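Quick notes on the structure that follows.
Just so it is clear, none of the values below were taken in a lab; they were calculated from the coordinates. Keep in mind the model is a prediction, meaning the values are calculated, not measured. We place every Cβ from the backbone using ideal geometry, glycine too, and count neighbours over all the protein chains shown.
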Amino acid sequence: MIEKMKIGRKKGRILFDERKAGNEKLINVLDNINAVMVGKEEVALLSLVALLAEGHVLLEDVPGVGKTMLIRTLAKSIDGEFKRIQFTPDLLPSDVTGVSVYNPKTLDFEFHKGPIFGNVILADEINRTSPKTQSSLLEAMEESSVTIDGQTSRLNRPFFVMATQNPIEHEGTYPLPEAQLDRFLLKLKIGYPDPDAELLMLERQSRTSPLHEIGSVITREELLFMQEEARDVHAEKSVLNYIVSIAQATREHPSIALGISPRASLALMRAAKAYAYIHGRSYVVPDDIKHLAPYVLSHRIILTPEARYAGEQVEGMLDQILNGVSIPISKGIPS
């Protein structure tokens, strides 16, 4: 049985049990996040997984738990250009992508880039704007480019979107359509801190915010190189078959109206490669898939009306599927 990699803390640093991560800079990024986000090591790790896998994150949680603080810390740690888009009902697509403005001096139109051209984008309260404006993010998140007035422009690299939405307020909101949800690699919830973590947070922030004390620990060029290396992590055929089996199980389950798409299978593979890379491995193990599946797949599954009426939850259904699909036994792990 393959032993699951565990993450522990010692003297404020993230350590990987048994196998030390090969890249100290990734550990420093996690340290930065955990210095600001007390007691949220798993959220920090999964955010870094999405960044390395060149995916995007949807954060759904109540106000005040640190969603904005998380992405600002991540942007500062990688020396990325941070842009914030506050989504409101009157926001237009051009407010996101940019607009061409006529210059009477040059007698020509000049393109003024929108905030989407940053490196780390906070799409705050994304469900408060219209579907038309939400869709302006689709091409950017999928193709890393935007098309304006018939001209396609490449976005800056790295390009990472972390969107937030409040699950308890529904008045004046527009639920994200399935096509938009499918663009997010992971859906995360930060949750309330436990009493000890909240006490430590109060002590640390009694005078100043830890965000002001952290600095860049990795350059954008180094991050791009790590993203390339993460793509080269090996996933043997038995592991890929495991992903396919999970996908098929979601499509055949009688209580699921819409199972995961092939894009979701690809997302799970990419996330698992990044997860293995952070843990200092050049190969993916089945436990990586099983651990990440709830974060990658839960927002892509739609239950039948009967299942929802019976009080079923996607998370519980996914647990049943993961426990029912046989875990492959590795025939050999690459060195």
Which of the trypsin sites (Lys or Arg not before Pro) across segment 106-168 are loop residues per DSSP, with 16 or fewer other Cβ within 10 Å?
none
Between TYR283 and residues 5 or more places away or on another chain, which pairs have amide H atoms under 5 Å apart, with H built 1.01 Å from N, and which residues are they?
HIS234
For segment 62-111, state what percent of all Cα-Cα pairs lands in each successive 5 Å bin, counting from 0 Å until the bin that includes the largest distance.
4, 15, 14, 14, 17, 14, 9, 6, 4, 2
Amide H within-cut-off set for SER100, under 5 Å, with H built and near neighbours excluded:
HIS112
Comparing VAL285, VAL99, VAL233, which has the greatest mean-square fluctuation in the GNM of the chain with Cα pairs linked when under 10 Å apart?
VAL99
Relative contact order %, the chain, counting alpha carbon pairs below 8 Å whose residues are six or more apart:
21
Note, THR147: beta-carbon cut-off 13 Å, +1 each Lys/Arg, -1 each Asp/Glu, net -3
Checking GLN180, GLN313, GLN134 against a Gaussian network model of the chain (alpha-carbon springs below 10 Å), the top fluctuating residue turns out to be GLN313
To the nearest 20 debye, what is the magnitude of the charge dipole of the chain about its Cα centre, counting +1 on the Cβ of each Lys and Arg and -1 on the Cβ of each Asp and Glu?
680
DSSP loop GluC sites (Glu not before Pro) with at most 10 other Cβ within 10 Å: longest gap in the chain:
172-335
Can you give the translational diffusion coefficient of the chain in µm²/s, computed by Stokes-Einstein from the Kirkwood radius over Cα pairs at 10 °C and 1.306 mPa s?
75
In nm, the gap between the two label points placed 7 Å beyond Cα toward Cβ at TYR192 and TYR309 is 3.4
How are the alpha carbon pair distances in segment 66-203 distributed across 5 Å bins from zero to the largest one, expressed in percent?
2, 9, 17, 20, 19, 13, 9, 6, 3, 2, 1, 0, 0
From the residues VAL120, LEU26, ILE321, which one has its Cα farthest along the dipole of the chain in the positive direction, the dipole being from +1 and -1 charges on Cβ of Lys/Arg and Asp/Glu about the Cα centre?
LEU26
Mean ellipticity per residue at 222 nm, deg cm²/dmol - from DSSP H runs of n ≥ 4 across the chain, formula -39500 (n - 2.57)
-12000 deg cm²/dmol
Any of LYS67/LYS237; LYS25/LYS290; LYS67/LYS290; LYS25/LYS187; LYS83/LYS187 with alpha carbons more than 31 Å apart? Name them for me.
LYS67/LYS237
Spatial extent of segment 232-335: Rg and Dmax, with the Cα atoms as the point set, Å:
14.2, 50
